[in-house]
1. Apply the Karplus parameterisation 6.51 cos²θ - 1.76 cosθ + 1.60, with θ equal to phi minus 60°, to every residue of the stretch A:106-114 and state each ³J(HN,Hα) to the nearest whole Hz, in sequence, with x for glycine and proline.
2. Rounding to the nearest 20 debye, state how big the charge dipole of chain A is about its Cα centre with +1 on each Lys and Arg Cβ and -1 on each Asp and Glu Cβ.
3. What relative contact order, as a whole-number percentage, does chain B give when Cα pairs under 8 Å and 6 or more residues apart are counted?
4. Output needed: percent of Cα pairs per 10 Å distance bin for the stretch B:69-141, bins running from 0 to the one holding the longest distance.
5. If we restrict to alpha carbons, what Rg and Dmax does chain A come to, in Å?
6. 7 Å along Cα→Cβ for the label point: how many nanometres lie between B:Gln180 and each equivalent label in the other copies, listed shortest first?
7. When only C-alpha pairs under 8 Å and at least 6 residues apart count, what is the relative contact order of the stretch A:140-265, in percent?
8. May I ask you to derive the relative contact order of the stretch A:31-135, considering only C-alpha pairs under 8 Å and at least 6 residues apart, and to give it as an integer percent?
Number of protein chains: 2
Amino acid sequence: MEGNHVSTTSPAVFRTLVREGKWTIPTSGVCEGYAQANLLVIPKHLAYDFLLFAQRNPKPCPVLEVLDVGDPEPKLTAPAADIRTDIPQYRIYRQGTLVEEVLDLHNYWQKDFVAFLLGCSFSFESALLKAGIPIRNIEERKNVSMYTTTLECVPAGIFHGPMVVSMRPIPSDLVVRAVQISSRFPSVHGAPVHIGDPDQIGIHDITQPDFGDPVEIKPGEIPVFWACGVTPQAIVMTVKPDIAITHAPGYMFVTNLLNETLAVF
Amino acid sequence: MEGNHVSTTSPAVFRTLVREGKWTIPTSGVCEGYAQANLLVIPKHLAYDFLLFAQRNPKPCPVLEVLDVGDPEPKLTAPAADIRTDIPQYRIYRQGTLVEEVLDLHNYWQKDFVAFLLGCSFSFESALLKAGIPIRNIEERKNVSMYTTTLECVPAGIFHGPMVVSMRPIPSDLVVRAVQISSRFPSVHGAPVHIGDPDQIGIHDITQPDFGDPVEIKPGEIPVFWACGVTPQAIVMTVKPDIAITHAPGYMFVTNLLNETLAVF
């Protein structure tokens, strides 16, 4: 089943396909117009510090929904969905180390788990594309380039660390428009955190991303940096929780939220 | 000392006046351009549920800062300030009942306290006034009219209840502009939650506010309703915590944040 066949599928129908094992590939391009989300599951005793970290760092950690303790249903963003089955692939971390990739969480779910759904850059990339702003990583069919920076997140409780950013080269005459458009979507990383000179934020070789793939920066293009959803995962893993669970990169949770309902204006 | 003498005082200097007992009246009009904040102090065991409630209800509960457990210093919004002394008047609630009004918290502070600073409507009222939009409660030197509605907040943990709204009559040709301007300030209640017919949100007699004072609605004016900072206090008090502390109405905490830095665009 190819992505373009399900671009117009409803999120509920798509999640059923996933739950029944009929969709096992990345979710890019599915259910067009609907927000996809990053998943982070941690035990309750870490949840206050993480929620506070997210409140203090809304650009890298834009919270779409926090599920109730032990509850696998995202009642606000995807009623009747089940976070344990409705993502095509999960990653299990023990003591901060990736130990397993699995297709559902039935053997892993704990009563003390709190699931966080965090906004994903797919939403603002879609808005940029609609405005005629090219997205190089999509053109080159690559993962976006991501870098660890010298921008420190605001600490909260046990959590602290540097911000990870994604970079997209934008033609210089479209940079202002890219700022305007992404500013409309604070719950999916929002406005850029930096424009231009990568050295200013501690990136000394733009051709060597810390995560993802390098992309071409053409003459006349400016590197524009957005806070990245890898940040919260990286931050949580530094405290080496006994167990933490995330989606596998590219295998996202599809919510019932239209991207446009996330726009602040 | 009159308010207009300190309209240009810096927040740090103003807070020192308060701390030294030299400012004992409401804070309306002081430190023009700087955001003032509502205070809510609760014990740590209630803090996760309240922070989650705020995340799910950002319009009535816009969080400017959550202080660290037991820490009286708002390190992000007012470094070196002391939340126990820098507000002119506080209210002490025991089991949800107001038992005392005090001038500082030295005899009340607990190691397990978490202080929440929440956005205040002064910030968006200031922006509306600058755009030539009249604010009736300011013209009439009254408290804003507030109403309990049939709009239910999204529950979180032990917290649930109705949204309280404030109402400002706006000339019909300025309603759109009022929406646009307040939309820029999501961290101080943001866009209205309702425009027009009060019955739609369960307000059956607009002349009888549940809190604050009634104001005149002139011919050609539309009642416009914003989520109100009374909501979180009312919600918290329904669970009758052993102790909770707030500012006294009108006696706010003055932060170092310029209102304009709170604007999303």
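1. Working through the residues one at a time gives 4, 8, 10, 5, 10, 4, 9, 7, 10 Hz.
2. Dipole of chain A, to the nearest 20 debye: 280 debye.
3. Relative contact order here is 30 percent.
4. Distribution as computed: 15, 35, 27, 20, 3 percent.
5. Cα only, chain A: 17.7, 53 Å (Rg, Dmax).
6. 1.3
7. Reported relative contact order: 33 percent.
8. 38
Computed from the coordinates by the stated procedures, all read-outs in this text should not be read as laboratory data. What you see is a predicted model, and the numbers here were worked out from it, not measured in a lab. No Cβ is skipped: glycine too gets one built from the backbone with ideal geometry, and neighbour counts run over all protein chains shown.
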